[in-house]
Amino acid sequence: MTQCFFVSDLHGKTDRYLKLFKQIENDKPDAVFLGGDLLPHGFAKTEGFDDFASDFLFKNLYKLKEALNENYPYIFLILGNDDARSEEDKFIKESKKGLFHYINQKKIQLKKSTVFGYSFVPPTPFQLKDWEKYDVSRYVDPGCIHPTEGFRTTEIKEDIEYATIQNDLEELTKNEDISKAVFLFHSPPYKTFLDRAGLDGKMIDHVLMDVHVGSIAIMRFIEEKQPLVTLHGHIHESTRLTGQWNQQFGRTTSFNAAHDGPELSIIKFNLEDIGKAKRFLL
């Protein structure tokens, strides 16, 4: 059996990371998935760390790797919309050293499964646009800021005016058999248990805001391609509001590990028996 842990949206909370590292050391899973928004929110310092990625996250992963030795798990991670893309080079560098697999818009083999990663989310009301793209068209929801506006921490390397999540997913999975694939997304799929935001009754320019804020492209992708499992975060309050942290779409099982409480939310599952997945708050 391939035991897996999935966490997301830790936002530089050291207590949650330390709980995760301890659980990894105790349970020795085969694989760990980190679904983005890993760094402190809003470029803030956390508990005195000037460089959270290098001084806390990477440092503790090296300690874990030394402690576990051959039991050190495969670690797959992406960044999320609150993570500055200017930090990405650090993750790429450590990925090349073998500390983990940084897999945004990449694929890596995990036993009989292929793991794909994708960081981008549809347009939000937030100003940072490093990890935002149009979803299926250049439409944005009321109150949201276009990806061509706001600000970025790195230079844009593509024509963002015409780039979409839908096109990226088509390109990423072209000619791929994804029936046994794991997809590590930051955004959840649209209009599901996993993307329910606390926007009830809120209006923008006299327009009622949609309480579902996930990706239409990701939802269509899941429905049409039917991968084995998809992993999501981004919307912290969704599980509290819906009472659901997972959802079935045909043959695909989807999980949301984001959490708006003080605990660490961790989803444990086996690739060979997805139906027995469990969620724990630590």
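Asp159 label point, 7 Å along Cα→Cβ, cut-off 16 Å on backbone N: hits in region 119-135? Output list for this probe position: 134. For region 19-154, the Cα gyration tensor yields ellipsoid semi-axes of 30, 18, 12 Å (square root of five times each eigenvalue, largest first, whole Å). Label separation (Phe280 vs Ser54): 3.4 nm, computed from points 7 Å beyond Cα along the C-beta direction. With Rg and the Kirkwood Rh both taken from Cα atoms, where does Rg over Rh land for the chain? Value, to two decimals: 0.94. With a ≥ b ≥ c taken as the square roots of the eigenvalues of the C-alpha gyration tensor of region 102-183, please select rounded if a/c is under 1.5 and otherwise prolate if a/b is larger than b/c or oblate if it is not? Judged from the Cα gyration tensor, region 102-183 comes out prolate (a/c at least 1.5, a/b above b/c).
FRET efficiency for the pair Glu70 and Asp273, taken as 1/(1 + (r/R0)^6) with r the Cβ-Cβ distance and R0 = 25 Å, rounds to 0.55. Largest GNM mean-square fluctuation across Ala163, Ala181, Ala197, computed for the chain with C-alpha springs under 10 Å, falls on Ala163. Among DSSP beta bridges whose residues both lie in region 92-225, state the antiparallel percentage, nearest 5. Around 45 percent of the beta bridges assigned by DSSP in region 92-225 are antiparallel ones. Average projection, convex hull of the Cα set of region 136-282: 10.6 square nanometres. About its Cα centre, the chain has a charge dipole of approximately 980 debye under the convention of +1 per Lys or Arg Cβ and -1 per Asp or Glu Cβ, with nothing else charged.
Take the Cα radius of gyration of region 227-282 and divide it by 2.2 N^0.38 Å, N being the number of residues; the result is 1.10.
Using just its DSSP H runs of length 4 or more, each adding -39500 (n - 2.57), the chain gives a mean residue ellipticity at 222 nm of -6000 deg cm²/dmol after division by all residues.
Backbone geometry of region 262-274 corresponds, through the Karplus equation with coefficients 6.51, -1.76 and 1.60 at θ = phi - 60°, to 3J(HN,Hα) couplings of x, 7, 7, 9, 10, 9, 10, 8, 10, 4, 8, 8, 4 Hz, x marking Gly and Pro. In this structure region 136-281 gives 50 Å² per residue of accessible area when probed at 1.4 Å with all protein chains present. Among the chymotrypsin sites (Phe, Trp or Tyr not before Pro) within region 119-180, those in coil by DSSP and having at most 14 neighbouring Cβ atoms inside 10 Å are Phe126, Tyr139, Tyr162. Report, for region 29-127, the % of DSSP beta bridges that are antiparallel, rounded to 5. That works out to approximately 40 percent antiparallel. Under 5 Å between amide hydrogens, built in the peptide plane, is the criterion, and for Ile204 it picks out Met209 among residues at least 5 positions away or on other chains. Here's how it looks for Leu264: its modeled amide H is under 5 Å from those of Leu282, which are all 5 or more places away or on a different chain. Among the GluC sites (Glu not before Pro) found in region 1-88, those both in a DSSP coil and sparsely packed, with 16 or fewer other Cβ atoms within 10 Å of their Cβ, are Glu47. What a 1.4 Å probe finds exposed on region 145-189 is 44% carbon and sulfur by accessible area, rounded to a whole percent. To put it simply, the accessible area of region 1-117 at a 1.4 Å probe is 46 percent carbon and sulfur.
Short-range pairs are left out: with C-alpha atoms under 8 Å and at least six residues apart, the relative contact order of the chain is 19 percent.
On the protein heavy atoms, probe 1.4 angstrom, tell me the percent of accessible surface of region 194-282 carried by carbon and sulfur. Carbon and sulfur: 50 percent of the exposed surface of region 194-282. Summarising the strand pairing of the chain, around 45 percent of its internal DSSP beta bridges are antiparallel. Looking at region 23-123, the accessible area is 45 square angstrom per residue; that uses a 1.4 Å probe and ignores ligands, DNA and RNA.
The values are calculated or read from the model by the stated rules, or taken from the named source; none is laboratory data. No experiment lies behind these values; they were computed from the predicted model shown. Backbone-built Cβ (ideal geometry, glycine too); neighbour counts: all protein chains shown. Heavy atoms of the whole protein, side chains included, go into the accessibility calculation; ligands, DNA and RNA do not. Shrake-Rupley method; radii C 1.70, N 1.55, O 1.52, S 1.80 Å.
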